[in-house]
1. Sum -39500 (n - 2.57) across every DSSP H segment of at least 4 residues in the chain, then divide by the residue count to get the 222 nm mean residue ellipticity, nearest 500.
2. Suppose R0 equals 35 Å; then what is the FRET efficiency for Gln165 and Ser7 from their Cβ-Cβ distance, rounded to the nearest 0.05?
3. Which pairs break 26 Å Cα to Cα here: Lys3/Lys123; Lys11/Lys94; Lys74/Lys123; Lys74/Lys155?
4. Only four residue types carry charge here, +1 at the Cβ of Lys and Arg and -1 at the Cβ of Asp and Glu. Report the dipole size of region 39-130 about the Cα centre in Debye, rounded to the nearest 20.
5. Can you tell me the convex hull volume per residue for the chain, based on C-alpha atoms, in Å³ to the nearest whole number?
6. Jot down the per residue volume, in cubic angstrom and as a whole number, of the convex hull over the alpha-carbon atoms of region 84-157.
7. Using Cα centres only, tell me the gap between region 143-159 and region 18-70 in whole Å.
8. Between Cys77 and Leu127, take the C-beta separation as r, use R0 = 30 Å, and let me know the FRET efficiency to the nearest 0.05.
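FYI, it's all coordinate maths here, none of it is from the lab. What you see is a predicted model; the values in this text were computed from it and never measured. A quick note on method: Cβ atoms are made from the backbone with ideal geometry, for glycine too, and the neighbour counts reach across all protein chains shown.
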Amino acid sequence: DGKLDESDELKRAMRDMIVDSYNEATHYVLDVLTGTTSGPELAPDTLRAWHDQRNAVNRYFTSLGYTGINCNKKPWCEGPYGREVQAIRTFEPKRNLLTTDATARLMADIALDRVVTPARCEKMRALLSRDPAAPATAEDQVHGFVGSAVPEGTKLWSKAGWTSQTRHDCAVVHLPDGRRLLM
């Protein structure tokens, strides 16, 4: 809605968040979207106001009819500190949540230009585009995921996620024979 300046730094962070799944990039994007930052502990009233502001992302998705989600927490490798820990201890849910239905709907909405604007959806698809024929790298989002099972000539848009305990993948697949799948 024009509230954010699409700076070079924000573009870099969005690319690193979607293409490479960098947690630090996700932190930056969440901070920019909500006008919040991590930092030292806050007094209870200030923490509630900070948390309400951080919840802007959840309110946005709820306004679009998404349910069963929480995306106001930053993903951590080593763990949160300060007000991030306070928020985890104080507010429910304690972790991010994303149902398979919400994941599939978001990917379909991006593929069909139904979220934000068609121009923004095109930019999102560019970030989600994967090359199944590219050589494998240690942390790519093709090999070891849906992309490793598609035939040559397939067009693939996907987002994978993984932790030490889980692996997730959602993809839009255009097969060489013309079939289109949401996986």
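1. -12000 deg cm²/dmol
2. With R0 = 35 Å, the Cβ-Cβ based efficiency is 0.50.
3. Over 26 Å apart, Cα to Cα: Lys11/Lys94; Lys74/Lys155.
4. Computed charge dipole of region 39-130: roughly 160 debye.
5. Details: hull volume 24.2 nm³, N = 183.
Convex hull volume per residue, Cα atoms: 132 Å³.
6. Values: hull volume 11.2 nm³, N = 74.
Cα-based convex hull of region 84-157, divided per residue, equals 152 Å³.
7. Centre-to-centre (Cα) distance: 31 Å.
8. For R0 = 30 Å, the calculated efficiency reads 0.90.
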